[in-house]
Amino acid sequence: MSFFKKLKEKITKQTDSVTEKFKEGLTKTRDSFATKVNDLVARYRKVDEDFFEELEEILISADVGVTTVMDLIDELKTEVKRRNIQDTEEVRAVISEKLVEIYEGEEGQKSELNIEDGRLNIILFVGVNGVGKTTTIGKLAHMLKSEGKSVLLAAGDTFRAGAIDQLEVWGERVGVDVIKQSEGSDPAAVMFDAVQAAKARKVDVLLCDTAGRLQNKVNLMKELEKVKRVIEREVPDAPHEVLLVLDATTGQNAMSQAKQFSEATNVSGIVLTKLDGTAKGGIVLAIRSELDIPVKFVGLGEKMDDLQQFNAEQYVYGLFADLVDEED
């Protein structure tokens, strides 16, 4: 059975609406990446060094990342030799297989949130301004609430003008309360109040917004450390997740941000927003391969339910949907 046929069988067992969201959300990347791969396959009748050189360029242009691309090309060459593949059509399926393998790794994907029943679960959101952090918090609050969990929001970004108001708007839309202080307040004090309120109300999940920019990077990272210390003091095993929000449209700049934040805080997962707005969706693979941080959620549109838990197979389906759908 071909890889694409196996992939289609797995996809059909999953929720149709989720499959459609990945397909639609990755349209720009698919139109760019898959089209270039298809053109490459059509132009070459045999698999040779020139074929691999062009494939390398296509992968780099999709922001897969140079290091990841070099490793992937080496693996593809080994696999082509092992299977004695001559036809370029067959290489396309091998590329798809390797993309899934890169993401899932030896341990399998870890996109589930670290949320347990019977405790206060605290999730800290970090990231620079403008990446969609507050919107992500609102959408995740909606998702958790629809799963029957009680949720509280903490307006810890007290430095950006309008940040508290923006979170309050989301709180009203979703129907969850926001713990806040006045603009310019100490973020750590806001977190203290929020944790106390969450304990008193016995909520399931506390989602904490944080500042995205202070005077310089050192100040920002120190502020985040202070916020974490307050949370840890009040709930010893918290925060249970530190989610770094990145804008997929910024490509390699997002990689740079990921490296900076992961050096300063224990980032447990990444939320990649605006994936539907870029043709360089390969950034997902670069993050997983080069930073070894799982992408836990992806933003596939502007609607309330367009924040989706990341799934490697759905992702690869989104990249090669036209080919997968052709399989009988």
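Every number here is computed from the coordinates shown, using simple stated rules; none is lab data. Quantities reported herein were computed from a predicted structural model and do not represent experimental measurements. Every residue, glycine among them, receives a Cβ derived from its backbone with ideal geometry; neighbour counts consider all protein chains shown.
Structural remarks
- Hey, K228 in contact with a strand residue (DSSP E or B) (Cβ under 9 Å, 6 or more places away or on another chain), assigned to a helix (DSSP H, G or I), surrounded by 20 or more Cβ atoms within 10 Å (Cβ to Cβ) and touching a residue at least 40 places away in the same chain (Cβ under 8 Å) or not: yes
- Test: E89 is within 27 Å of L291 (Cβ to Cβ) and part of a helix (DSSP H, G or I): no
- Members of the stretch 108-137 that are more than 25 Å from A197 (Cα to Cα) and either outside any loop (DSSP other than H, G, I, E, B) or without any contact (Cβ under 8 Å) to a residue 12 or more places away in the chain (or both): G108
- Residue match in the stretch 151-159 (condition: touching a Cys at 6+ places or on another chain (Cβ under 7 Å) and crowded, with 21+ Cβ neighbours inside 10 Å): yes
- Residue pairs whose Cβ atoms lie under 7 Å apart, sitting 6 or more positions apart in sequence or on different chains, and linking a residue in the stretch 25-48 that is in contact (Cβ under 8 Å) with a residue 60 or more places away in the chain and of a type in the set (V, I, T) to a partner that is surrounded by 15 or more Cβ atoms within 10 Å (Cβ to Cβ) and outside any helix (DSSP H, G or I), are T29/A62; T29/T278; T29/A279; T29/K280; T29/G281.
- Residues of the stretch 198-213 that are touching a residue at least 24 places away in the same chain (Cβ under 8 Å) and surrounded by fewer than 16 Cβ atoms within 10 Å (Cβ to Cβ): K199, R201, K202, R213.
- No other residue among K77, K149 is under 21 Å from A198 (Cβ atoms) and either assigned to a loop (DSSP other than H, G, I, E, B) or of a type outside the set (D, E) (or both) apart from K149.
- Between L144, L167, L207, L140, the distinction of being outside any helix (DSSP H, G or I) and under 29 Å from K259 (Cα atoms) belongs to L207 only.
- In this structure, I283 does not qualify as of a type outside the set (K, R) and closer than 22 Å to I115 by Cβ.
- Test: residue in the stretch 243-258 that is surrounded by fewer than 24 Cβ atoms within 10 Å (Cβ to Cβ), hydrophobic (A, V, I, L, M, F, W, C), without any contact (Cβ under 8 Å) to a residue 60 or more places away in the chain and part of a loop (DSSP other than H, G, I, E, B): no
- For the stretch 166-192, the set of residues classified as among the charged types (D, E, K, R), surrounded by fewer than 20 Cβ atoms within 10 Å (Cβ to Cβ) and under 21 Å from L220 (Cα atoms) consists of E183, D186, listed by residue number.
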